[in-house]
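Visitor: Sending over a structure as structure tokens; questions will come in a sec.
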Amino acid sequence: MKQHPMLACASAILLFATVAAVGQAELTAQQPRKRMVAPIRGEAELGFTKPVTKRTKGEIVTTIRIQNLSETNTIVGLKVDEYWYDKGGDPVTGDTYRLRRPLMPQEVLEVVLNTPVNPKMDRNQYKFEHANGAIKTVSVPKLELPPAE
């Protein structure tokens, strides 16, 4: 009896594909699937705590806790800008924070802005925006971060 090399090769490929599929099925059964949540289009509502500003060596560190106040939609492309102005109202320096993933509904996040110290600094301002529109901010007294995993 003569063996067929093509038949042996096809059998090996079929066996490998079956083992890989079973392994993938076991892997997905163990991990819960992340659900897709539609992003907010237009104005988003964002809760934030009073910014805590501390001066360290050579920079001003500002920490703000924020929360997506939507019950059902994510905020995509969140950007927080801090601008510092001199006494004449001219911009002096600032920093930008960008969230590279969607901010899930009701999720709380801590934003840290590091701004280099400039002797002309007098006052600051914050600007919140996202990829699909403007952000309406609501001041909240306190936001708790979720426990670390």
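Visitor: Filter region 109-131 for residues that are β-branched (Val, Ile, Thr) and surrounded by fewer than 17 Cβ atoms within 10 Å (Cβ to Cβ) and give the result. Please lay out each step first, then the result.
Guide: At the first step, the residues of region 109-131 found to be β-branched (Val, Ile, Thr) are 111-112, 115, 117.
Across region 109-131, the qualifying residues are Val112, Val117.
Visitor: Out of region 35-49, which residues are of a type outside the set (Ser, Thr, Tyr), under 15 Å from Glu107 (Cα atoms) and either surrounded by 14 or more Cβ atoms within 10 Å (Cβ to Cβ) or in contact (Cβ under 8 Å) with a residue 40 or more places away in the chain (or both)?
Guide: Val37, Pro39, Ile40, Ala44, Glu45, Leu46, Gly47, Phe48, listed by residue number.
Visitor: May I pose another question? Exactly one of (1) surrounded by fewer than 15 Cβ atoms within 10 Å (Cβ to Cβ); (2) under 27 Å from Ala38 (Cβ atoms); (3) without any contact (Cβ under 8 Å) to a residue 24 or more places away in the chain is unmet by Tyr97. Its number?
Guide: If we test Tyr97 against (1) surrounded by fewer than 15 Cβ atoms within 10 Å (Cβ to Cβ); (2) under 27 Å from Ala38 (Cβ atoms); (3) without any contact (Cβ under 8 Å) to a residue 24 or more places away in the chain, just (1) comes out false.
Every residue, every condition in (1) farther than 19 Å from Thr63 by Cβ; (2) touching a Lys or Arg at 6+ places or on another chain (Cβ under 9 Å); (3) aromatic (Phe, Trp, Tyr), yes or no:
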{"site": "Gly94", "(1), (2), (3)": "no, no, no"}
{"site": "Leu103", "(1), (2), (3)": "no, no, no"}
{"site": "Leu109", "(1), (2), (3)": "no, yes, no"}
{"site": "Leu113", "(1), (2), (3)": "no, no, no"}
{"site": "Pro119", "(1), (2), (3)": "yes, no, no"}
{"site": "Phe128", "(1), (2), (3)": "no, yes, yes"}
{"site": "Ser139", "(1), (2), (3)": "no, yes, no"}
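Visitor: Residues that are surrounded by 11 or more Cβ atoms within 10 Å (Cβ to Cβ) and of a type in the set (Lys, Arg): does region 137-148 have at least one?
Guide: Among the residues of region 137-148, not one is surrounded by 11 or more Cβ atoms within 10 Å (Cβ to Cβ) and of a type in the set (Lys, Arg), which makes the answer no.
Visitor: Sticking with this structure for a sec: Where residues in region 77-92 are crowded, with 19+ Cβ neighbours inside 10 Å and in contact with a Gly (Cβ under 8 Å, 6 or more places away or on another chain), which of them is farthest from His130 (Cα to Cα)?
Guide: Per the criteria, the residue is Trp84.
Visitor: A further question follows. Do the conditions hold for Thr74, that is, is it in contact (Cβ under 8 Å) with a residue 12 or more places away in the chain, closer than 19 Å to Phe48 by Cα and surrounded by 14 or more Cβ atoms within 10 Å (Cβ to Cβ)? Steps first, please.
Guide: Details: in contact (Cβ under 8 Å) with a residue 12 or more places away in the chain: yes; closer than 19 Å to Phe48 by Cα: yes; surrounded by 14 or more Cβ atoms within 10 Å (Cβ to Cβ): yes.
Here the answer is yes, as Thr74 does meet what is asked.
Residue by residue, here is whether (1) of a type in the set (Lys, Arg); (2) more than 22 Å from Arg41 (Cα to Cα) holds:
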{"site": "Arg55", "(1), (2)": "yes, yes"}
{"site": "Thr62", "(1), (2)": "no, yes"}
{"site": "Gly77", "(1), (2)": "no, no"}
{"site": "Gly94", "(1), (2)": "no, yes"}
{"site": "Pro102", "(1), (2)": "no, no"}
{"site": "Pro105", "(1), (2)": "no, no"}
{"site": "Lys127", "(1), (2)": "yes, no"}
{"site": "Lys142", "(1), (2)": "yes, yes"}
{"site": "Pro147", "(1), (2)": "no, yes"}
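Visitor: How many residues are farther than 22 Å from Pro147 by Cβ and in a loop (DSSP other than H, G, I, E, B) when one looks only at region 79-121? So that I can check it myself, show each step before the final result.
Guide: At the first step, the residues of region 79-121 found to be farther than 22 Å from Pro147 by Cβ are 79-98, 100, 113-121.
Restricting the remaining residues to those that are in a loop (DSSP other than H, G, I, E, B) gives 86-90, 100, 117-121.
Summing the residues that are farther than 22 Å from Pro147 by Cβ and in a loop (DSSP other than H, G, I, E, B) in region 79-121 gives 11.
Visitor: Additional query: Regarding Val22, is this residue modelled with pLDDT of 85 or more and either within 28 Å of Val111 (Cα to Cα) or not in a strand (DSSP E or B) (or both)? Break it down stepwise before answering.
Guide: Working: modelled with pLDDT of 85 or more: no; either within 28 Å of Val111 (Cα to Cα) or not in a strand (DSSP E or B) (or both): yes.
Answer is no for this residue.
The values are calculated or read from the model by the stated rules, or taken from the named source; none is laboratory data. Computed from a prediction, not measured in an experiment: that's the story for all the values here. We place every Cβ from the backbone using ideal geometry, glycine too, and count neighbours over all the protein chains shown.
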